[in-house]
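Structure first, then comments.
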Amino acid sequence: MDNMADPAGASFIQRSVCCASPAGLHRMVYNEWGEHDNPQVLVCVHGLTRNARDFDPLASALVGNYRVICPDVVGRGRSDWLRDPFGYLIPQYVNDMIVLLARLDVETVDWLGTSMGGLIGMALASHEDTPIARLILNDIGPVISSESVQRIGDYVGRAPNFDTYDAAEKYIRTVSAPFGALSDDQWRMLTESSLRQRADGR
């Protein structure tokens, strides 16, 4: 458990929970904002190639009303990778989220899902006696265009290395161009939350 802060200085706690797949155990990291005993819980789940830090500004704005939970879906952000590379499927993600919700010890949650996070939310909400009280979908719906799938396929699954921060930000600005006209500060935050430094400094 680590105390963290977003670029604006708002604080959150980074925690983790142990989940299971057919290939073994893995750790899913999540960020928790707001009062731990607040029964009003909002779970925010990111898109296919993104991570929990995407929700920093939203979580910071909502902590007065909600306990906000932002997980790094397995294989993303600070969470572990699966041992089986073919295990990255919606049913696995749903199982991990059930473990997370059990850790939170709440009966119901509101759910905000972006793209893949919306698919996970829809899958979980479709179950009888689902813990999801309200479901908000962003950048996803019942139909996904072939153009969208093609665009995602052009960059997903790659793990490029960069010699400089500027090269990394240029790449993030290119692949994330559909996010819209972000400010330089927003692009910087998006880039910084997307990078991991290797042992060789890259």
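No other residue among LEU82, LEU25 is surrounded by fewer than 21 Cβ atoms within 10 Å (Cβ to Cβ), of a type in the set (A, V, I, L, M) and not in a strand (DSSP E or B) apart from LEU82.
When ILE13 is tested against (1) surrounded by fewer than 16 Cβ atoms within 10 Å (Cβ to Cβ); (2) at pLDDT below 95, just one condition goes unmet, and that condition is (2).
Does SER16 count as part of a loop (DSSP other than H, G, I, E, B), closer than 18 Å to LEU104 by Cβ and in contact with a strand residue (DSSP E or B) (Cβ under 7 Å, 6 or more places away or on another chain)? Answer is no for this residue. In region 166-202, the residue that is surrounded by the most Cβ atoms within 10 Å (Cβ to Cβ) out of those that are of a type in the set (S, T, N, Q) and part of a helix (DSSP H, G or I) is THR191.
Return the only residue of GLY121, GLY117 being in the same structural domain as GLY34 (by TED's automatic domain parsing), assigned to a helix (DSSP H, G or I), at pLDDT 95 or above and touching a His at 6+ places or on another chain (Cβ under 6 Å).
GLY117
The values are calculated or read from the model by the stated rules, or taken from the named source; none is laboratory data. These numbers come from a predicted model, not from an experiment. Positions of Cβ are backbone-derived with ideal geometry, glycine not excepted, and every protein chain shown enters the neighbour counts.
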